[in-house]
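Visitor: Supplied in structure tokens, the structure appears directly below.
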């Protein structure tokens, strides 16, 4: 049995999971929207988000768990993620007359402890639809943070910190056209 690393305050993590038996977790476009709303309610109070991508049968998030003195609620970070996934599963089950688990147990997390890995992970997350041959360019996929990173719209995403890692928007865009070693990030 794989040891599950606890989420620690002030640390960066790649959070990911997929549907049980590799099945779908998003069935209609409004499912993605609802998941994002739940994410904002459950996760924004305890974590800063740097990148995300929702795929038909899995998802990826790059987050920093806030320090305890930054928290607006007092709940264990892993409990907030569990609450998100449970709330989403209950809604999908009710809507689709399902009665079973939606996600594999338990959600995965990997500590992100250096800047090079952090940058590669951002590229990997945004290029996930490209790697799965859903589109040819990260810009063409609506359910990731890529478009938010290159826009000017108001967001809670840590967009400026992400862009600063790549120096500017042009370097951000060109970096996403480079191949990233996929096995380093496989789920």
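No lab work stands behind these numbers, since they all come straight from the coordinates. It should be emphasised that the depicted structure is a prediction, and the values quoted were computed from it without experimental measurement. Glycine gets a Cβ as well: all are built from the backbone with ideal geometry, and neighbour counts include every protein chain shown.
Visitor: I need the calculated FRET efficiency for the pair residue 171 and residue 147, taking r as the beta carbon distance and R₀ as 25 Å, to the nearest 0.05.
Guide: 0.90
Visitor: With only alpha-carbon pairs counted, each pair once and no self-pairs, how large is the Kirkwood hydrodynamic radius of segment 1-72 in angstroms?
Guide: Numbers: mean 1/r = 0.0745 Å⁻¹.
Here the Kirkwood hydrodynamic radius works out to 13.4 Å.
Visitor: When the chain is fully extended, how far beyond the present Cα-Cα distance does residue 116 get from residue 82, taking 0.36 nm per residue of separation?
Guide: Numbers: separation 34, 0.36 × 34 = 12.24 nm, distance 2.90 nm.
Difference between extended and current length: 9.3 nm.
Visitor: What is the Cα centroid distance between segment 154-173 and segment 98-124, reported in whole angstrom?
Guide: 20
Visitor: Separate question: Using alpha carbon centroids, what distance separates segment 1-46 and segment 49-96, in Å?
Guide: Value for the Cα centre distance between the two parts: 4 Å.
Visitor: Arrange the peptides 119-126, 4-11 so that the one whose residues have, on average, the most other Cβ atoms within 10 Å appears first. Each step should come with its number before you reach the end.
Guide: On the way: 119-126: 21.9, 4-11: 13.5.
So the order, starting with the most tightly packed, is 119-126, 4-11.
Visitor: In nm, to one decimal, how far is the residue 8 label point from the residue 178 one, both placed 7 Å along Cα→Cβ?
Guide: 2.9
Visitor: I would also like to ask the following. Could you tell me which of rounded, prolate or oblate describes segment 12-178, using a ≥ b ≥ c as the square roots of the eigenvalues of the alpha-carbon gyration tensor, with rounded for a/c under 1.5 and, failing that, prolate when a/b is larger than b/c and oblate otherwise?
Guide: Taking the square roots of the gyration eigenvalues as a ≥ b ≥ c, segment 12-178 is oblate.
Visitor: Quick one: compute the contact order of the chain, relative version, from alpha carbon pairs under 8 angstrom and 6+ residues apart, as a percent.
Guide: 27
Visitor: Can you show me the helix-derived [θ] at 222 nm for the chain, built from DSSP H runs with n ≥ 4 at -39,500 (n - 2.57) apiece and divided by the number of residues, rounded to the nearest 500.
Guide: Values: 7 runs with 67 residues, N = 187.
When only DSSP H runs of four or more count, the value is -10500 deg cm²/dmol.
Visitor: Also: May I ask you to derive the FRET efficiency for residue 22 and residue 161 from their Cβ-Cβ distance with R0 = 25 Å, giving the value to the nearest 0.05?
Guide: Calculated value: 0.15.
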